[in-house]
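Enquirer: I have a structure here, written as structure tokens, and I will follow up with some questions on it.
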């Protein structure tokens, strides 16, 4: 059998990396950029592990890029505009471009979850909005911050995994 072409890749062959936002010490769930390694340029296809107590990213919304998250295994809480929605293996969350729907995925359970994260690769001129982390604006080019995002009401959840939430001692 001939060796496989470079556009056929196994997840286990792709290096895993963990993102930490500037001005933060919180590691996001480890990710493998499978699509990029297989040669995709217009689509992002990533496999992300969410160990217990981690999240996929800071809550954000994309102006010109569609995104989706498909849960391969485990359970997560989808943080959507400040509300939590339980997702289990086989569930899909889709985020059309330009809606301003802010989102991230949080593993508050005791078992690891695995996500298939995909969407359009970064579109030149596309902007991002971080509703709970306005300090992110300082780390980005002014052209990359989505300042005229459609207004959306936010629920009361702070976007943090339960394990990271700073608890105030009760008097």
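The values are calculated or read from the model by the stated rules, or taken from the named source; none is laboratory data. Nothing here was measured: the structure is a model prediction, and the numbers come from that model. For neighbour counting, all protein chains shown are included, and Cβ atoms are generated from backbone atoms with ideal geometry for every residue, glycine included.
Enquirer: Return yes when residue 125 is in contact (Cβ under 8 Å) with a residue 60 or more places away in the chain and either under 20 Å from residue 150 (Cα atoms) or not in a strand (DSSP E or B) (or both) and no when it is not. It would help to see each step written out before you state the result.
Expert: Working: in contact (Cβ under 8 Å) with a residue 60 or more places away in the chain: yes; either under 20 Å from residue 150 (Cα atoms) or not in a strand (DSSP E or B) (or both): yes.
Yes.
Enquirer: Follow-up question, since we're still on this one. Is it true that some residue in the stretch 124-145 is at pLDDT 95 or above, more than 16 Å from the chain's Cα centre (by Cα) and surrounded by fewer than 14 Cβ atoms within 10 Å (Cβ to Cβ)?
Expert: So far as the stretch 124-145 goes, no, none of its residues is at pLDDT 95 or above, more than 16 Å from the chain's Cα centre (by Cα) and surrounded by fewer than 14 Cβ atoms within 10 Å (Cβ to Cβ).
Residue-by-condition table, conditions (1) touching a helix residue (DSSP H, G or I) at 6+ places or on another chain (Cβ under 8 Å); (2) modelled with pLDDT of 95 or more; (3) closer than 16 Å to residue 110 by Cβ:
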position	(1), (2), (3)
49	no, yes, yes
58	yes, yes, no
68	no, yes, no
73	no, yes, yes
79	no, yes, no
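Enquirer: Could you tell me whether any residue of the stretch 5-25 is touching a residue at least 24 places away in the same chain (Cβ under 8 Å), farther than 22 Å from residue 152 by Cβ and under 12 Å from the mean Cα position of the chain (by Cα)?
Expert: For the stretch 5-25, residues touching a residue at least 24 places away in the same chain (Cβ under 8 Å), farther than 22 Å from residue 152 by Cβ and under 12 Å from the mean Cα position of the chain (by Cα): present.
Enquirer: While we're here: Filter the stretch 26-56 down to the residues that are under 19 Å from residue 103 (Cα atoms) and free of Cβ contacts under 8 Å to residues at least 60 places away in the same chain, then identify the one that is surrounded by the fewest Cβ atoms within 10 Å (Cβ to Cβ).
Expert: The extreme case among them is 27.
Enquirer: Restricting attention to the stretch 4-21, which residues are farther than 11 Å from residue 38 by Cα, in a loop (DSSP other than H, G, I, E, B) and at pLDDT 95 or above?
Expert: 15, 18, 19, 21
Enquirer: State whether one or more residues within the stretch 108-122 are assigned to a loop (DSSP other than H, G, I, E, B), surrounded by 17 or more Cβ atoms within 10 Å (Cβ to Cβ), without any contact (Cβ under 8 Å) to a residue 60 or more places away in the chain and on the phi > 0 side of the Ramachandran plot.
Expert: No, because not a single residue in the stretch 108-122 is assigned to a loop (DSSP other than H, G, I, E, B), surrounded by 17 or more Cβ atoms within 10 Å (Cβ to Cβ), without any contact (Cβ under 8 Å) to a residue 60 or more places away in the chain and on the phi > 0 side of the Ramachandran plot.
Enquirer: Name the residues in the stretch 136-159 that are within 27 Å of residue 25 (Cβ to Cβ) and outside any loop (DSSP other than H, G, I, E, B), would you?
Expert: Of everything in the stretch 136-159, those that are within 27 Å of residue 25 (Cβ to Cβ) and outside any loop (DSSP other than H, G, I, E, B) turn out to be 136, 137, 138, 139, 142, 144, 145.
Enquirer: Only residues that are closer than 24 Å to residue 162 by Cβ and in a loop (DSSP other than H, G, I, E, B): list them for the stretch 29-50, please.
Expert: Selection gives 29, 30.
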